[in-house]
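The values are calculated or read from the model by the stated rules, or taken from the named source; none is laboratory data. Since the structure is predicted, the reported quantities are computational estimates derived from the model, not experimental observations. Here Cβ is always computed from backbone atoms with ideal geometry, including for glycine, and neighbour counts include all displayed protein chains.
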Amino acid sequence: MARSRRSFVCRECGAESPAWAGRCTRCDTWASIEEVDSTEAAASSARFADVEVKRLDELVGTGAVPAPTGLDEADRVLGGGLTPGSVTLLGGEPGVGKSTLTLQLAASVAGGGASALLVAGEEAPSQIALRARRLGPVPETLAVIDDTSVESIVAALEAIRPLVAVVDSIQCARLDSIDGAPGTVAQLKAVTERLVGAAKRLDTSVVLVGHLTKDGALAGPRVIEHLVDTVLSFGGDRSGELRYLRAVKHRFGPTTEVGLFEMTPIGLSSVSDPSGRFLTDRQAGLPGSVVVATLEGRRPVLVEVQALTVDASPGNGRVTVQGVDGRRLALVAAVLGRRAGCSLIRNDVFVSATGGATVTEPGVDLAMAIALASSVGDFAVRSDVVACGEIGLGGELRSVPQLELRLQEAYRLGFRTALVPGSAPEGPTGMTVLRAGTVAEALAIVSRRPLAA
Ligand code: TYD
Ligand code: MG
């Protein structure tokens, strides 16, 4: 027996509410609430004898293992590759490179001899073919359809049985038996449910592309996050070349890894040596510059942090940041003034992470403090010095995760002196590890010879 239930869902954030409202109480978006008719089966009188109960220990090891896609940075984030039968949602702003990434992924899988299917909702197949040719060889086993009815998509999946299928985008797909234009909450949910069912039944990995929208015309991908196995977010500064791929939710592994890509004229290329990339064009002997050993996911990455301080009228100083966290910088600046005798109150302050990097973890605090002090004091820090540590409100230096790993990466790239918190472990052989208990001590070490140049 079916029972009709009406509910109201925000198309921006997916919040459900029992009644219609002009504004979503969770995300504060106006006019984003839509009515959905969710019809559920009434509770049946199932008997326990009919229920199949399995022992968990007997199921260990019977799950599907991820199949590598061949795109290294994507495989890194996915914990090895796409798991057969899984559904992955790839969200990101328009223009960030979702279509490029999924096209390369499908081409890579097809290039390995398996079949892959693209469902083209946004671009004409001929347009996609043109782009594919520009990006590399186009394998024979890469197929495309431009029919976005979910029945047709499932029929194509059944006929072709691809290893990987990409639906670009999920906001274009539709189920004809449901009211409403493609992209509404009801359509998105129904279409995703069908595709999840087909993926499981056919052991196909399905990747759904979802646009993050702010204009409210289409439902945001968040309303289907709970229906899929994996949610990836693809982001980065559209004007720059760097792109970050992160797992927001992943049923098959941790969500700690970050994939790094660079957008080039011939598509996205994996950045396998991020430190090398972030440190190109670095100039030695400049005041206001120091290198930090930071973490991107579980991977240590070296990034140059630069600061520039210029005179301003007292109390009118402005702070401009790029690639670092403005709130952490405010904390570091306040601690510098109060605990290390380095006041920035008469300065306009600019701090950036170079190379388009984004570094927001606490381990960057010490590097920001040194860069600022070095700019104010007009001394340069020797170019083979790497700094790493969190700064507390008392001016104390605190340890950061994976410091050993960070120092190894620094050593690999030629850094021979590390400035770190007092509790730091031994560094690699050949590296001088200088420990400081407070930010004032660290500045004293770094501002005199031999570290200051
Ligand atoms: P696209 O994958 O279409 O973004 P999305 O699907 O997320 O909207 O790519 C967007 C931009 O990427 C496009 O405006 C131009 C740039 N681009 C390159 O720089 N090089 C390339 O090889 C490709 C295919 C795109
Ligand atoms: Mg696109």
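Scan the stretch 93-113 for residues that are buried (at least 17 other Cβ atoms within 10 Å of the Cβ) and without any contact (Cβ under 8 Å) to a residue 60 or more places away in the chain and the total you get is 5. Tell me, yes or no, whether the stretch 389-409 has at least one residue that is in contact with a strand residue (DSSP E or B) (Cβ under 9 Å, 6 or more places away or on another chain), aliphatic (A, V, I, L, M), surrounded by fewer than 16 Cβ atoms within 10 Å (Cβ to Cβ) and in the same structural domain as S313 (by TED's automatic domain parsing). Within the stretch 389-409, one or more residues are in contact with a strand residue (DSSP E or B) (Cβ under 9 Å, 6 or more places away or on another chain), aliphatic (A, V, I, L, M), surrounded by fewer than 16 Cβ atoms within 10 Å (Cβ to Cβ) and in the same structural domain as S313 (by TED's automatic domain parsing).
Within the stretch 249-269, restricting attention to residues that are of a type in the set (G, A, S) and over 14 Å from the mean Cα position of the chain (by Cα), the residue that is farthest from V381 (Cα to Cα) is G253. Taking V291 as the residue in question, decide whether it is in contact with a Leu (Cβ under 9 Å, 6 or more places away or on another chain) and modelled with pLDDT of 95 or more. Yes. Contact map, the stretch 157-169: first residue farther than 16 Å from V209 by Cβ, second residue aliphatic (A, V, I, L, M) and part of a loop (DSSP other than H, G, I, E, B), Cβ cut-off under 6 Å, separation 6 or more or different chains; pairs are L163/A114. The single condition from (1) within 16 Å of ligand 1 (Cβ to nearest atom); (2) surrounded by fewer than 22 Cβ atoms within 10 Å (Cβ to Cβ); (3) farther than 23 Å from C27 by Cβ that A173 fails is (2). Among the residues making up the stretch 124-137, those that are within 14 Å of ligand 1 (Cβ to nearest atom), without any contact (Cβ under 8 Å) to a residue 40 or more places away in the chain and surrounded by fewer than 18 Cβ atoms within 10 Å (Cβ to Cβ) are A124, Q127, A129, L130, R131, R133.
Yes or no, residue by residue, for (1) in contact with a His (Cβ under 8 Å, 6 or more places away or on another chain); (2) in the same structural domain as R131 (by TED's automatic domain parsing); (3) farther than 30 Å from S270 by Cα; (4) within 16 Å of ligand 1 (Cβ to nearest atom):
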| residue | (1), (2), (3), (4) |
| --- | --- |
| A21 | no, no, yes, no |
| C24 | no, no, yes, no |
| I33 | no, no, yes, no |
| D75 | no, yes, no, no |
| T83 | no, yes, no, no |
| V87 | no, yes, no, no |
| G97 | no, yes, no, yes |
| L101 | no, yes, no, yes |
| L105 | no, yes, no, yes |
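Every listed requirement among (1) within 13 Å of ligand 1 (Cβ to nearest atom); (2) closer than 16 Å to G14 by Cα; (3) buried (at least 21 other Cβ atoms within 10 Å of the Cβ) is met by T213 save one, (3). You will find that of L245, L279, L260, the residue that is within 15 Å of ligand 1 (Cβ to nearest atom) and in contact with a strand residue (DSSP E or B) (Cβ under 9 Å, 6 or more places away or on another chain) is L245 and no other. Quick check: is even one residue across the stretch 56-64 of a type in the set (D, E) and not assigned by TED's automatic domain parsing to the domain that holds L245? Yes: one or more hits.
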